[in-house]
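For reference, the structure is listed below as structure tokens.
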Amino acid sequence: MAGSTQSVKSIDLLLTIHPVDTKRIDLNLLISLEALLATCNVTKAAARLHLSQPALSAQLNRLRELFDDPLLIPAHRGMTPTAKALELIGPLRTALDQLRSTLHSLDNFSPSTAELTYSIACTDYIEVAVVLPLIVALREKAPAVRIAVHRLDPGRLSRQLADGDVDLAIATPDDSVPHLRNKHLFEETYVLIARRGHPHVEEGLSAEGFASLEQLVVSPAGGGFSTPVDITLGTLGRERTVVASVASFLVVPEIVSASDLVALVPRRLIYGRLPELEVIDVPWLSERFQVELVWHERAQGHPGQRWIRELICELMAQ
């Protein structure tokens, strides 16, 4: 998400300007350093942080070691910052202010004013069935929230979610990633589409009638001419005629509307959108699939991400 990413970048910039061993530093040390540089007095800084003076002195020693610099040196009254400490003040304050602002915005999340960028990994079909209505709804409910769609790559998805490159995936269930959180979204079925006025298509089409039609199939990997539907047909003693294969569902309605080819497509791909097509239920076909939301534990508690997940569920329930 944009806000939390910005605060992380600010701290990264601070540590780039003044490199330290990040494995040995924690946020409490940076907060203590901010108080020490603001007061130039260990006693006053300890009181501000609600720490004992010995505890803060121990932290100052760790900071001196980390930055390889005294940072504060004894003076006539209090302490005086070193040249490196003076260079640290600006970047440190910017980084911590950005972090505080981010945390405050999360505590007071309001969709109507939130400024977030939300990344979703999905297929082209999900872009139409889920992302399209989501974007439309966001323009009304959260106009400053932006959506970035990434092509779904199952082999990289777990790492993308863990690294924050992707906030959410919308996909079929995958038992190989049990460490990811998930929520059932909907069950999808298939319908047959044909151009309006097709001479051989009608409601109640039998398996025999279906198999006799020239068909178009989708092969996401490219080049395939069979799908699980052909297994179902085989059990019924039928074999269909597939004359074309494409890599995306999005081009299928256009090809079908301009020819006598027919195609099986997920119902939500075309629901209420293409009046020039005949949409035929295929009751003998039991083929269906599940769609779920998938996200990493890191995104579980983020109110903005939680709100968008809930919005997606609400839209799909409609």
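Using a Förster radius of 51 Å, what is the FRET efficiency between Ala38 and Glu187 based on their Cβ-Cβ separation? Nearest 0.05, please.
It comes out at approximately 0.30.
Going by a ≥ b ≥ c, the root eigenvalues of the Cα gyration tensor, does the stretch 188-288 fall in the rounded group (a/c under 1.5), the prolate group (a/b larger than b/c) or the oblate group?
rounded
Specify the residue with the greatest mean-square fluctuation among Lys141, Lys183, Lys84, computed from a Gaussian network of the chain linking alpha-carbon atoms under 10 Å apart.
Of Lys141, Lys183, Lys84, the most mobile in the Gaussian network model is Lys84.
Can you pull the one-decimal nm distance between simple spin-label points at Ala55 and Arg146, each 7 Å off the Cα toward Cβ?
4.2
For a footprinting-style exposure proxy, rank His200, His50, His296, His302 by other Cβ within 10 Å, fewest first.
Ascending number of Cβ neighbours within 10 Å: His50, His200, His302, His296.
Treat each spin label as a single point 7 Å out from the Cα along the C-beta direction, and report the Gln318 to Leu27 distance in nm.
3.6
Antiparallel as a % of all DSSP beta bridges within the chain, to the nearest 5?
60
Can you check what the net charge comes to around Ala35, using other residues whose Cβ is under 9 Å from the Cβ of Ala35 (Lys, Arg +1; Asp, Glu -1)?
Cβ neighbours under 9 Å give a net charge of +1.
Taking only C-alpha pairs under 8 Å that are 6+ residues apart, what is the relative contact order of the chain in percent?
Computed over the chain, the figure is 20 percent.
Just to confirm a number: summing +1 for Lys and Arg and -1 for Asp and Glu over residues other than Pro81 whose beta-carbon lies under 15 angstrom from that of Pro81, what do you get?
Result for the neighbourhood of Pro81: +2.
Please list, by residue number, every one of the trypsin sites (Lys or Arg not before Pro) in the stretch 233-291 that is coil in DSSP and has at most 14 other beta-carbon atoms within 10 Å.
Arg273
Where does each of Thr235, Thr39 land when they are ranked from fewest to most other beta-carbon atoms within 10 angstrom?
The order, fewest Cβ neighbours first, is Thr235, Thr39.
Tell me, which longest segment in the chain has none of the GluC sites (Glu not before Pro) that fall in DSSP loops with at most 15 further Cβ atoms within 10 Å?
1-114
Counting alpha carbon pairs within less than 8 Å and at least 6 residues apart, what relative contact order, in whole percent, applies to the stretch 46-100?
Rounded, it is 17 percent for the stretch 46-100.
For a quick check of your reading of the filter: which chymotrypsin sites (Phe, Trp or Tyr not before Pro) in the stretch 146-254 sit in a DSSP loop and have no more than 15 other Cβ atoms within 10 Å?
Those satisfying the criteria are Phe225.
Most mobile of Leu261, Leu192, Leu29 per a Gaussian network model of the chain (Cα springs, under 10 Å)?
With Cα springs under 10 Å in the chain, the top fluctuation among Leu261, Leu192, Leu29 is at Leu29.
Where does the chain land at 222 nm, in deg cm²/dmol rounded to the nearest 500, when only DSSP H runs of n ≥ 4 count, each adding -39500 (n - 2.57), divided by all residues?
Taking each H run of at least 4 residues, the total per residue is -13000 deg cm²/dmol.
Taking K and R as +1 and D and E as -1, what net charge do the other residues with C-beta under 10 Å from the C-beta of Gln160 add up to?
Summing Lys/Arg as +1 and Asp/Glu as -1 gives -2.
Give me the number: length gained by fully extending Val246 to Asp163, i.e. 0.36 nm times residue separation minus the C-alpha to C-alpha distance, one decimal in nm.
That pair, Val246 and Asp163, stretches by 26.6 nm at full extension.
For Val177 and Glu202, FRET efficiency with R0 = 45 Å and r from the beta-carbon atoms, rounded to 0.05?
Working from the Cβ atoms, E equals 0.55.
For an R0 of 25 angstrom, estimate the FRET efficiency from the Cβ-Cβ distance between Ala47 and Asp97 and round to the nearest 0.05.
Efficiency at R0 = 25 Å is approximately 0.70.
Each value in this text was obtained by applying a stated rule to the coordinates, not by laboratory testing. Keep in mind that this is a model prediction, so the values were computed, not measured. Cβ: placed from backbone, ideal geometry, glycine included. Neighbour counts: every protein chain shown.
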